[in-house]
Amino acid sequence: MPEKITLSIIKADVGSLAGHHIVHPDQLAATTKVLAEAKQKGLIIDFYVTHVGDDIQLIMTHRKGVDNPDIHGLAWEAFQAAAKVSRELKLYAAGQDLLSETFSGNVRGLGPGVAEIEMEERPSEPVITFHADKTEPGAFNLPLFRIFADPFNTAGLVIDPKMHGGFIFEVYDVYEGRSVKMNAPEEMYDILALIGTPGRYIIRRVYRKSDGLQAAVVSVERLNLLAGRYVGKDDPVAIVRAQHGLPAVGEVLEAFAFPHLVAGWMRGSHFGPLMPVPQRSAKVTRFDGPPRIIALGWNINKGRLIGPADLFDDVAFDETRRLAQLIAEYMRRHGPFMPHRLGPEEMEYTTLPQVLEKLKNRFEKSEEVKYKVKHTEMLSGGGEG
Ligand code: F6R
Ligand code: MG
Ligand code: MG
């Protein structure tokens, strides 16, 4: 029986250089030191530290399973070390995502984002890790649906008998904290009825129907919902296993060739295109964006991380990036107007309600129009759009 390996990505924004732009190399060095010591002690098998924009990404392999207190504790320690550097260098928003003073066994709920898969390592185990900045977990809904349910994206759904049976999507409701498993292709329309609202319903895990193999996982932590106030955007991560009865690496990447609109960007309050970029462009500039994503390709070898391959570092994505720039320009021209700016439901967790609050008492009674539906709570942002 092949041994079980866990791949864990735990990420956090604990401060950055020149605004929310990019992490500082000294922060990466501090986290690397903590993880190198843990590797030496045998707590983790292997690790890789990277970043996208202002988020530090810890990619770790170990034998302890998901939600393990030692692994989460290690990540917490690494982020504390980076936050210390942030404070020493007076970097911006030092320690931002560490919502708690103390660690209590699991980083979920304390600010960092988590995506973990426990797997029986296949004879060859190709995996892609995705890391995004200036957006939210629901940004993965569209590409994951296309990868695992859309034959116009993934030829293997039609051609490969191992995939032909389809996939199971576990969809998580962030407001209710519960999830539902749904079958594709049978329940495709029902799946879309949920995941078309990416701020609430998030594809959390995907399984191959024929044998239950877990093929993907997404971090579903929503920072502002955890904190109850605006902290920053969640800047999600995802893991997708590929090949040999799963979508090929090229089919997985194909879903990112369309720079779809995602929520995030400036002040976590704007829709903009998700732009796939190489690691060297994983920094945000224009209007604190546009939202970006990197894809790292790996082979896992008895827990060792072989790689990474910087998968979006290719001219094949140049046109996607160009289209993303055009969309960015088009959206920016709307300035403070919806649908560039997010709707009232999402703006509730930004600083806008504080501004609107001041206007509340300035309204005076006007001639009433006899609507059948009363529209209340507009100013506090709780109304229907
Ligand atoms: C978005 C983000 C940035 C900040 C913006 C304002 O997730 O981190 O766009 O919201 O730079 O930041 P503050 O309020 O810290 O000046
Ligand atoms: Mg930041
Ligand atoms: Mg970020």
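The values are calculated or read from the model by the stated rules, or taken from the named source; none is laboratory data. Model, not experiment: these values are computed from the prediction. Cβ: placed from backbone, ideal geometry, glycine included. Neighbour counts: every protein chain shown. The area values use the complete protein model at the heavy-atom level, side chains included, leaving out ligands, DNA and RNA. Shrake-Rupley method; radii C 1.70, N 1.55, O 1.52, S 1.80 Å.
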Identify, from the list Leu110, Leu142, the residue that is assigned to a loop (DSSP other than H, G, I, E, B), under 30 Å from Ser16 (Cα atoms) and open to solvent by 10 Å² or more (accessible area, probe 1.4 Å). Leu110
Looking at Ile10, is it crowded, with 24+ Cβ neighbours inside 10 Å, within 18 Å of Glu221 (Cβ to Cβ), more than 18 Å from the chain's Cα centre (by Cα) and away from ligand 3 (no atom under 13 Å from the Cβ)? no
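Is it true that Val49 is at pLDDT 95 or above, open to solvent by 10 Å² or more (accessible area, probe 1.4 Å) and more than 16 Å from ligand 3 (Cβ to nearest atom)? Full working, then the answer.
Numbers: at pLDDT 95 or above: yes; open to solvent by 10 Å² or more (accessible area, probe 1.4 Å): yes; more than 16 Å from ligand 3 (Cβ to nearest atom): no.
Here the answer is no, as Val49 does not meet what is asked.
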If I filter segment 340-358 down to residues being under 22 Å from the mean Cα position of the chain (by Cα) and acidic (Asp, Glu), which single residue comes out as farthest from Gly138 (Cα to Cα)? Glu348
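Considering only segment 61-76, I want to know if a residue exists there that is within 16 Å of ligand 1 (Cβ to nearest atom), open to solvent by less than 20 Å² (accessible area, probe 1.4 Å) and either at positive phi or part of a loop (DSSP other than H, G, I, E, B) (or both).
As a first pass, look at segment 61-76 and keep what is within 16 Å of ligand 1 (Cβ to nearest atom): none.
No; the residues of segment 61-76 include none that is within 16 Å of ligand 1 (Cβ to nearest atom), open to solvent by less than 20 Å² (accessible area, probe 1.4 Å) and either at positive phi or part of a loop (DSSP other than H, G, I, E, B) (or both).
Filter segment 13-26 for residues that are charged (D, E, K, R) and either surrounded by fewer than 24 Cβ atoms within 10 Å (Cβ to Cβ) or touching a helix residue (DSSP H, G or I) at 6+ places or on another chain (Cβ under 7 Å) (or both) and give the result.
Looking only at segment 13-26, we keep the residues that are charged (D, E, K, R), and these are 13, 26.
Scanning segment 13-26 gives a single hit, Asp26.
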Quick check on this structure: which one of Val252, Val237 is open to solvent by less than 10 Å² (accessible area, probe 1.4 Å) and within 16 Å of ligand 1 (Cβ to nearest atom)? Val237
Among Asp46, Asp54, which is more than 16 Å from ligand 1 (Cβ to nearest atom), of a type in the set (D, E, K, R) and closer than 20 Å to Ala238 by Cα? Asp46
So if I check each of Glu101, Glu125, Glu118, which one is away from ligand 1 (no atom under 16 Å from the Cβ) and crowded, with 19+ Cβ neighbours inside 10 Å? Glu125
Can you find even one residue in segment 222-231 that is within 16 Å of ligand 2 (Cβ to nearest atom), in contact with a Gly (Cβ under 8 Å, 6 or more places away or on another chain), farther than 16 Å from Ile117 by Cβ and open to solvent by 40 Å² or more (accessible area, probe 1.4 Å)? yes
When Val284 is evaluated against the numbered criteria (1) at positive phi; (2) assigned to a loop (DSSP other than H, G, I, E, B), which criterion, by number, is the only one it fails? (1)
Just to be sure, is Asp234 touching a residue at least 12 places away in the same chain (Cβ under 8 Å) and within 16 Å of ligand 2 (Cβ to nearest atom)? yes
Determine which member of the set Ile5, Ile56 is within 16 Å of ligand 2 (Cβ to nearest atom) and of a type in the set (Val, Ile, Thr). Ile56
Exception for Thr350 within (1) at pLDDT below 95; (2) more than 16 Å from ligand 3 (Cβ to nearest atom) falls at (2)
Scan segment 77-86 and give yes if some residue there is closer than 25 Å to Pro278 by Cα, open to solvent by 60 Å² or more (accessible area, probe 1.4 Å), away from ligand 3 (no atom under 15 Å from the Cβ) and not aromatic (Phe, Trp, Tyr), otherwise no. no
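From Ala29, Ala38, which residue is among the small types (Gly, Ala, Ser) and either surrounded by fewer than 17 Cβ atoms within 10 Å (Cβ to Cβ) or part of a loop (DSSP other than H, G, I, E, B) (or both)?
Working: Ala38 fails: either surrounded by fewer than 17 Cβ atoms within 10 Å (Cβ to Cβ) or part of a loop (DSSP other than H, G, I, E, B) (or both).
Selected residue: Ala29, the only one of Ala29, Ala38 that is among the small types (Gly, Ala, Ser) and either surrounded by fewer than 17 Cβ atoms within 10 Å (Cβ to Cβ) or part of a loop (DSSP other than H, G, I, E, B) (or both).
Mind listing whichever residues of segment 261-273 are outside any strand (DSSP E or B) and open to solvent by less than 10 Å² (accessible area, probe 1.4 Å)? Please lay out each step first, then the result.
The initial filter retains those residues of segment 261-273 that are outside any strand (DSSP E or B), namely 265-269.
Answer for segment 261-273, where residues must be outside any strand (DSSP E or B) and open to solvent by less than 10 Å² (accessible area, probe 1.4 Å): Trp265, Gly268, Ser269.
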Could you please find all residues in segment 163-197 being without any contact (Cβ under 8 Å) to a residue 40 or more places away in the chain, surrounded by 15 or more Cβ atoms within 10 Å (Cβ to Cβ) and small (Gly, Ala, Ser)? Ser179, Ala184
